[in-house]
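Undergrad: Let me give you the structure first, and then I'll get to my questions.
The values are calculated or read from the model by the stated rules, or taken from the named source; none is laboratory data. Here the structure is a predicted model, which is why all the values come from computation and not from measurement. Note that each Cβ is placed from the backbone with ideal geometry, even for glycine, and that neighbours are counted across all protein chains shown. We work out accessible area using only protein heavy atoms, side chains counted, and drop any ligands, DNA or RNA first. Shrake-Rupley method; radii C 1.70, N 1.55, O 1.52, S 1.80 Å.
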Amino acid sequence: MNEDKMRTFNITGSLETAYKNAIQKLVDENIIERIWKKDFTVWNNDPTEISNRLGWLDCTSVTRKSFDEIHSFVNELKAEGIQNILLLGMGGSSLAPEVFSLVFGGISDIKLSILDSTHPEAVLEKTKNFNPEKTLYIVSTKSGGTVETISFMKYFYNYVLNELGKEKVTKHFAAITDPGSGLEQIAKELNFRKIFLNDPNIGGRFSALSLFGIVPAALVGVDIEKLFIRADSEVLLSKKSGIEIDRNNSALFGALIGVLTEQGKDKLTLVTSEKINTVGAWIEQLVAESTGKNNKGILPVDLEELLSPEYYGDDRVFIYLNLKGDNKKQNLIEKLIQAGFPVIEFELEDIYDLSKQFFLWEFATSIAGWYLGIQPFDQPNVEQAKVIARKILKDYQESGKLNLPEPSFSSNDLIIYSEEKIDKPESALELFLSECESGKNYVSIQAYVNPSWENFNLLQKLRTDILKKYKVATTLGFGPRFLHSTGQLHKGDSGNGLFIQIIDNPKTDVAIPDNALENKSSISFGVLIKAQAFGDRQALLDNKRKVITIEIKNSLEAFFQNLLN
Ligand SMILES: O=P(O)(O)OC[C@H]1O[C@](O)(CO)[C@@H](O)[C@@H]1O
């Protein structure tokens, strides 16, 4: 097998010196050997959430032991005529399955779809689009207690129970979780047909090559043996150290992004071949949730429109993941190189090389964490927003209404919550972004709307307009999905983000049963998503971030037509 090399451009001058020193430090401090010995002191003196988070290093050998079990599960489902999988999960429990589904999808009769939005329209779409007779619902959560996932589980269990009856419902549910989790217990009580128990020493965002990624991969027809042969070649290289360190792609890459971040080039802009572009969302979670804490962080910029060099500040580094034979983006990449931007390129032989990328990014992120003095395996700020959202929900359950902050502007079309006084809604965004500085700030659009293609395209347009006008890095995330991804970094990084929250009013709402098998409901998905949005708004403000919240009363399309023109 070819040993692919990382190609770098414009790593010169002080960057080159710092990079060479970082490699020397890797060798002098025996970092590679220590990581493979699972020495937590590489990152911190306290082993908490490190010692029990390094299982991903052994993922290829550990997961292989379950291959027979996975194959017979897939065969059983096929024999029963299951045609669809609806995977219910958030963040690390759904992003790798999404990559497998969208990149490899179509090679098998079974189709995989993901639900990671609590927007009522998204929940209803998934309800209508799948015939329960032909669908397996996989509930996927490491902790076994993530509110979105458990809400989906209760809702879909009752729905299928209603549609197919008591005898059949259990056949349509499976779980992937950690041993001893709340979900394991519920799944046993409800008699799920299958419970896959993962190695508990693997964190969500490092779980692509564990059962969380590989069970869904096998279901959509990925050749998991072939996938793991590729992954193993990267694992092998990641053990190279001492005089062989220049063969260790993942360590070199990690050291380089660490150095770039230290020198202010902390906007890691992903440019990928179209066919594999969904891997960006997985990378985004891994890098953002691992590094965005203690006032530091690397901002992954995923799916931003690629423009010519004049639109970029000197805080950018471009990572080019190119599928061999595809040179559609080559011209723009060359322009960026000519303009002096640092570019790091990996060429993928074919889509199976994605497994190498999974491991490479996991190892590199751990190395970047070491270099920057960041503990990459915890997510201290994620809980903050959850606590506030829970309080909003509790108040709602007691009073029957959502207790929201005082708006700065309100009309028939929209409500704006901002720290500035708003007289004219059409200039609210301009006012909010007026101090935006190219080369330093980033603008993050957080949309609590149905994550449909139409909405994505509308929001991408706003994003590109901001990029062109202010020449700052821009990101786009659908809520609550991004809360389990970039949400950590937004609150934990150095504080250069400006946050535009967009919330709509769903046309319909869907009740969340208090428990599976019960009809009683005290909140709906519509209430949950709003509580999550306002919970995160408050958590951002508590961390002294700049936020503007725009609540749209009509459609997103009407808002963009009338108010942003
Ligand atoms: O798999 P779980 O436990 O449901 O968690 C989902 C996601 O939520 C987070 O814990 C943080 O929000 C992520 O790290 C994780 O991938």
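Undergrad: So how many residues does the stretch 43-55 have that are surrounded by 16 or more Cβ atoms within 10 Å (Cβ to Cβ) and either without any contact (Cβ under 8 Å) to a residue 40 or more places away in the chain or within 20 Å of Leu236 (Cβ to Cβ) (or both)?
TA: Looking only at that region, the number is 2.
Undergrad: For the stretch 101-115, state whether one or more residues are within 16 Å of the ligand (Cβ to nearest atom) and crowded, with 17+ Cβ neighbours inside 10 Å.
TA: Yes, the conditions are met somewhere in the stretch 101-115.
Undergrad: Something else: Could you tell me whether any residue of the stretch 377-388 is within 16 Å of the ligand (Cβ to nearest atom), farther than 30 Å from Gly55 by Cα and modelled with pLDDT under 95?
TA: Looking through the stretch 377-388, at least one residue is within 16 Å of the ligand (Cβ to nearest atom), farther than 30 Å from Gly55 by Cα and modelled with pLDDT under 95.
Undergrad: For the stretch 67-78, state whether one or more residues are modelled with pLDDT of 95 or more, out of contact with any strand residue (DSSP E or B) (no Cβ under 7 Å at 6 or more places or on another chain) and within 30 Å of Leu528 (Cβ to Cβ).
TA: no
Undergrad: For Asp68, indicate whether it is outside the structural domain of Gly203 (by TED's automatic domain parsing) and either surrounded by fewer than 20 Cβ atoms within 10 Å (Cβ to Cβ) or assigned to a helix (DSSP H, G or I) (or both).
TA: The answer is no for Asp68.
Undergrad: Run Lys128 past the list (1) within 19 Å of Gln83 (Cβ to Cβ); (2) open to solvent by 10 Å² or more (accessible area, probe 1.4 Å); (3) under 23 Å from the mean Cα position of the chain (by Cα) and report the number of the one that doesn't hold.
TA: Among (1) within 19 Å of Gln83 (Cβ to Cβ); (2) open to solvent by 10 Å² or more (accessible area, probe 1.4 Å); (3) under 23 Å from the mean Cα position of the chain (by Cα), the lone unmet condition for Lys128 is (3).
Undergrad: If Leu87 satisfies every condition in (1) within 12 Å of the ligand (Cβ to nearest atom); (2) open to solvent by 10 Å² or more (accessible area, probe 1.4 Å) but one, which is the exception?
TA: (2)
Undergrad: Just need a number here: residues in the stretch 1-42 that are open to solvent by 30 Å² or more (accessible area, probe 1.4 Å) and part of a loop (DSSP other than H, G, I, E, B).
TA: 12
Undergrad: Exactly one condition in (1) surrounded by fewer than 23 Cβ atoms within 10 Å (Cβ to Cβ); (2) over 27 Å from Ala217 (Cβ atoms); (3) touching a residue at least 40 places away in the same chain (Cβ under 8 Å) is false for Leu303; which is it?
TA: Of everything listed in (1) surrounded by fewer than 23 Cβ atoms within 10 Å (Cβ to Cβ); (2) over 27 Å from Ala217 (Cβ atoms); (3) touching a residue at least 40 places away in the same chain (Cβ under 8 Å), Leu303 misses just condition (2).
Undergrad: Give the residues of the stretch 135-188 that are within 16 Å of the ligand (Cβ to nearest atom) and part of a loop (DSSP other than H, G, I, E, B), sorted by residue number.
TA: Lys142, Ser143, Gly144, Gly145, Thr146, Asp178, Pro179, Gly180, Ser181
Undergrad: Please give the helices (runs of 4 or more DSSP H) falling wholly within the stretch 451-565 in which 1 or more residues are over 19 Å from the mean Cα position of the chain (by Cα) and over 30 Å from Tyr157 (Cα atoms).
TA: Those helices (runs of 4 or more DSSP H) span 453-470, 525-542, 556-563.
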